[in-house]
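Below is one structure, written out as structure tokens; comments come after it.
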Amino acid sequence: MSSYLPGAIDLPASQYDLSTYWGRVKHMADITDPRTLFVRKDGLDQARNLVTAYKQGKIGEMTPELWTAKKIVDSTLHPDTGEPVFLPWRMSCAVLVNFAVTAGMLMPGLQTTGTIFWQVVNQSVNVAVNYSNANKSSQLSLSALAKSYCLAVGASCSVALGLNSTVSRLKSVSASTKLVLGRMVPFAAVASASALNVYLTRAEELRTGIDVFPISPKQDGKSSETNRNTPSLGKSKKAAAMAVGETALSRVFNSSPIMLIPPLVLLRLQRTRWLARNPSLALPINLGLIFGTSCFALPFALAVFPQKRNVSAETLEEEFHGKGGVNGMVMFNRGI
């Protein structure tokens, strides 16, 4: 993701094997590491300079210090623009932001007003994160973004309120089953609206396509980043469809454990004598479950699909056939 920095030498894409799921999990754990949020401007400049020195041939090999610098650059700067992503919308801040929003949505006993409020907050965060981390070769206008935001908010509130109403009217299920179903309503609302949110926020990519680049030669047996100086082969709508579709699915994978595990575990604990005798512990236990699940789930969800997607040029539009780089492959930034 440092390919926009000056220099002709590409860095390895990661110190981990990104062709494997576990390698991507470890890589995403680096990208989402909240400790990078504390790096100040001078630290970011130092990291940039160190990465640039490698790309210009002044440093001959990847050192621990250089890997740390790359981690700071990758977690802070947008891979297309090279500009810092606004701090709350960086993936390294996702655990903290998700914790605050999810804790609100999963509070037991939310009434209509509370449900609407937290769904609006969640979709506002989703729009900001999607827009800030999306592929920037095809951007959505502000008017289209506002329209997408309103549609996503309407969808999430409609699903949440509709399912709450449906569950409360069920007569053929037991009270305990109703309680379980009620705890799963926030997940259904978040999962469906989050996927819709991605499609709406990134609709311009689907309409015009995104830039694809030929794959650069590999270095040291590891995939290298495509140099930003390599000219784009053009915009591909098929690549955009893959990028947006996979990102939408990753949002569902991310919300699944966070929105399902804490409420169901808390519900089980609330039926024990221990928690019945200590009801004041329900809130801290709930918050602990949400925070722990958020920390654990995020890298695993983000790693399902590679961020830098390598595909055969033959799978895209005919205009890209025969124009791939190594092994006929091309690359595009999926976004996060």
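Please tell me which of these pairs span more than 23 angstrom C-alpha to C-alpha: Lys237/Lys323; Lys71/Lys323; Lys58/Lys308; Lys237/Lys308? Distance filter (> 23 Å) returns Lys71/Lys323; Lys58/Lys308. Fully extending the segment from Ala8 to Glu314 would add 107.4 nm, taking 0.36 nm per residue of separation and subtracting the current Cα-Cα distance. Phi-derived couplings, Karplus 6.51 cos²θ - 1.76 cosθ + 1.60 at θ = phi - 60°, listed residue by residue for segment 98-103: 4, 4, 5, 6, 5, 4 Hz, with x used for Gly and Pro.
Mean separation of Cα pairs under 8 Å and 6 or more residues apart, divided by the residue count, gives the chain a relative contact order of 21 percent. If each Cα of segment 194-336 is one equal point scatterer, what is log10 of I(q)/I(0) from the Debye formula at q = 0.13, 0.14 Å⁻¹? For the requested q values the scattering log ratios are -0.68, -0.74. In segment 48-104, the C-alpha radius of gyration followed by the widest Cα-Cα span (Dmax) gives 14.9, 50 angstrom.
Using the Cβ-Cβ distance between Leu151 and Lys323 with R0 set to 30 Å, the FRET efficiency works out to roughly 0.25. Against the criterion of solvent-accessible heavy-atom surface with a 1.4 angstrom probe, Ile285, Ile116, Ile210 sort, most first, into Ile116, Ile285, Ile210.
In segment 55-148, the alpha-carbon atoms span a convex hull of 111 Å³ per residue. Near the amide H of Gly234, within less than 5 Å, lie the amide hydrogens of Val212, all on another chain or at least 5 residues away, with H placed in the peptide plane. Measuring spread by the Cα atoms of the chain yields a radius of gyration and Dmax of 21.9, 72 Å. Think of a 1.4 Å ball rolled over the protein heavy atoms: the chain then has 46 Å² of accessible area per residue.
With θ taken as phi - 60° and the Karplus curve 6.51 cos²θ - 1.76 cosθ + 1.60 applied, the whole-hertz 3J(HN,Hα) list for segment 118-125 is 6, 5, 5, 4, 4, 5, 5, 5 Hz, x standing for glycine and proline.
The values are calculated or read from the model by the stated rules, or taken from the named source; none is laboratory data. Everything numeric here is computed off the predicted structure, so don't read it as measured data. Cβ sites come from the backbone with ideal geometry, for glycine too, and all protein chains shown count toward neighbours. When the accessible area is computed, the model is the full protein with side chains, heavy atoms only, and any ligands, DNA or RNA have been set aside. Shrake-Rupley method; radii C 1.70, N 1.55, O 1.52, S 1.80 Å.
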